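Engineer: Would you mind keeping the following structure in view while I ask a few things?
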Amino acid sequence: MTELNKSTVSSLVEDLLARGLIHEIGVNSAGTGRPATLLEINPQAGGIIGVELGVDFVAVALMDFVGTVIWRHKEKADPFDEQMKTIKQTLDLADEAIAKCTDLNLRLLGLGLAAPGTVDLQEGVLIFSPNLRWHNVPLRKIFSEHTRLKVFIENDANAAGVAEHLFGVMRQAKDFIFIYAGVGIGGGLFLNGKLYRGHNGFAGEIGHISTVEEHTDEPCLCGNPGCWETHANQHAVIRRVEAGLKNGRVSLIPNLLAEQKESSLTVGIVKQAADAGDEVAIDSFAQVGRAMGQGIAGIVNIFNPEQIVIGGTLSTASGYFLPAVKEVVSQRALNNVLKKTEVIPSVFGDDASLFGAVAIVVEDIMWNPSSIERR
Ligand SMILES: [Zn+2]
């Protein structure tokens, strides 16, 4: 398949074995000739720290080389907090993950960080995160100075797209779009077998497509009115529910809020209500699903992807909004082929970008195995 000759393959395999990135798992003596040595990617090649800087949470995980979770922790974070406070909170969790890896006597291969905004990959700087309201944060410098690890940074939706391709259901797909639907909407454009980054690396900011001239709900945190994500993100679900309650619709939600002693509505509570048959909750998801479908139909028309994969907080309620998304795509996409583009939830759900943070490190090692020491 590679058109490399046998001795070249052998020497490459020997090198990967020496670096502990693959290992032998037995022999296959079926067929004629010498028995073949069976190899696989070595899950124990090392540990990788994945860090997801969410908007209203931070999450850190230690995973092995094939993306199996060894340790993980997620905490709420307040987007209105001081920047350094949130970063410190994240660094503390990273320290815990590193300690766990050391305890297990596993070598550390690197740290990946997924951030909700535009990222300068060369400089390792988060250029702009509308939802965090952060500008020019040198995240790679901060994390590498603190952890002494090799640090990789990527936009959260891009990272999640890489995770779907490496560890998820998109392993065979060459053209798919990952949509991160949470506080904002981000896109990872996986085209022609690889992530499409655009001219300066900022491609995929699909949430900020202007869909209406004047803002009808709330201005987007990027500063513009009428961005698509303001109609199709998790806040849109909450706003729909609040409007329903204000109009006097009967709902379980006020009781659920009181029972759980929560002061503000979350997607989790709305989903709980929907699970119990609450119509305000179900309608809100469906309405946001239709808004999401309108944007997705446009994306399908532009890229003709094999599949659209939806992850992020909203994807935890995909049972409620995905039917509406599919219906709108089948109405609005341009022709019979595009109308059939499948829209599916991510296997990683809410954790897609956390797996993505690990996946970007694995991917880099796969392209540059010599960056890992021989053992
Ligand atoms: Zn915007």
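The values are calculated or read from the model by the stated rules, or taken from the named source; none is laboratory data. These numbers come from a predicted model, not from an experiment. Here Cβ is always computed from backbone atoms with ideal geometry, including for glycine, and neighbour counts include all displayed protein chains. These area figures cover heavy atoms from the full protein model, side chains too; ligands, DNA and RNA do not enter into them. Shrake-Rupley method; radii C 1.70, N 1.55, O 1.52, S 1.80 Å.
Engineer: Given that compact globular proteins tend to follow 2.2 N^0.38 Å, what is the ratio of the alpha-carbon Rg of segment 192-247 to that value?
Structural biologist: 1.46
Engineer: Rank-order 313-321, 97-105 by packing density, defined as the average count of other C-beta atoms within 10 Å over each peptide's residues, highest first. Please report the intermediate quantities before stating the final value.
Structural biologist: On the way: 313-321: 23.0, 97-105: 15.4.
Those peptides, ordered most packed to least, come out 313-321, 97-105.
Engineer: Give me the accessible area per residue for the chain, probe 1.4 Å, as a whole number in Å². Write down the numbers at each step before the final one.
Structural biologist: Values: 18170 Å² over 375 residues.
Accessible surface, normalised per residue, equals 48 Å².
Engineer: What is the distance, in nm, between label points placed 7 Å from the Cα along the Cα-to-Cβ direction at Val13 and at Asp120?
Structural biologist: My value for the distance between the label points is 4.5 nm.
Engineer: Taking a spot 7 Å from the Cα of Leu104 along the direction of its beta carbon, which residues of segment 34-73 have an amide N less than 16 Å from it?
Structural biologist: Only 42-51, 60-73 pass the distance filter.
Engineer: Shifting gears a bit: Along the Cα→Cβ direction, 7 angstrom out, place labels at Lys74 and Glu3. What is the inter-label distance in nm?
Structural biologist: About 4.5 nm separates the two model spin labels.
Engineer: ³J(HN,Hα) across segment 24-33 via Karplus (A = 6.51, B = -1.76, C = 1.60, θ = phi - 60°), whole Hz, x for Gly/Pro?
Structural biologist: 7, 10, x, 10, 10, 9, 5, x, 9, x
Engineer: Right, next: Under Stokes-Einstein, with the Kirkwood radius over Cα pairs standing in for Rh, what whole-number D in µm²/s applies to the chain at 37 °C and 0.692 mPa s?
Structural biologist: On the way: Rh = 22.0 Å.
Reported coefficient: 149 µm²/s.
Engineer: How much accessible surface area, in Å² rounded to 10, belongs to the heavy atoms of Phe202 with a 1.4 Å probe?
Structural biologist: My reading of the accessible area for Phe202 is about 80 Å².
Engineer: Starting from 0 in steps of 5 Å, tell me what percent of the Cα-Cα pairs of segment 72-149 lands in each bin.
Structural biologist: Result returned by the calculation: 3, 13, 24, 24, 19, 10, 5, 2.
Engineer: Quick query: amide H of Leu39 versus all other amide H atoms, modeled in the peptide plane; which residues come in under 5 Å with a sequence gap of 5 or more or a different chain?
Structural biologist: When sequence neighbours closer than 5 places are left aside, the close amide H contacts are Ile25.
Engineer: Still on this structure: Where does the charge balance sit around Gly311 when Lys and Arg score +1, Asp and Glu -1, over other residues with C-beta under 10 Å from its C-beta? Walk me through the intermediate numbers first.
Structural biologist: Working: positive: none; negative: Asp156, Glu164, Asp350, Asp351.
For residues surrounding Gly311, the net value is -4.
Engineer: How many percent of the accessible area of the chain is carbon or sulfur, using a 1.4 Å probe?
Structural biologist: 51
Engineer: Oh, and also: Roughly how far apart, in whole Å, are the Cα centres of segment 154-206 and segment 52-95?
Structural biologist: Cα centroid to Cα centroid, the span is 21 Å.
Engineer: Using θ = phi - 60° and the Karplus relation 6.51 cos²θ - 1.76 cosθ + 1.60, list the HN-Hα couplings for segment 256-261 in order, rounded to whole Hz, with x at every Gly or Pro.
Structural biologist: 4, 4, 5, 4, 8, 6
Engineer: Label point 7 Å out from Ser370 along Cα-to-Cβ: which residues of segment 139-156 have amide N under 13 Å?
Structural biologist: What the label zone holds, given the 13 Å backbone N cut-off, is no residue at all.
Engineer: Here's another thing I want to ask about it. Give me the net charge for the shell around Gln272: Cβ to Cβ below 13 angstrom, other residues only, Lys and Arg +1, Asp and Glu -1.
Structural biologist: Net charge in that neighbourhood comes out at -3.
Engineer: Also: Sort largest first and round to whole Å: the equivalent ellipsoid semi-axes of segment 141-223, each the square root of five times a Cα gyration tensor eigenvalue. Present the calculation step by step, with values, prior to reporting the outcome.
Structural biologist: Working: eigenvalues 135, 82, 26 Å².
Whole-Å semi-axes of the equivalent ellipsoid: 26, 20, 11.
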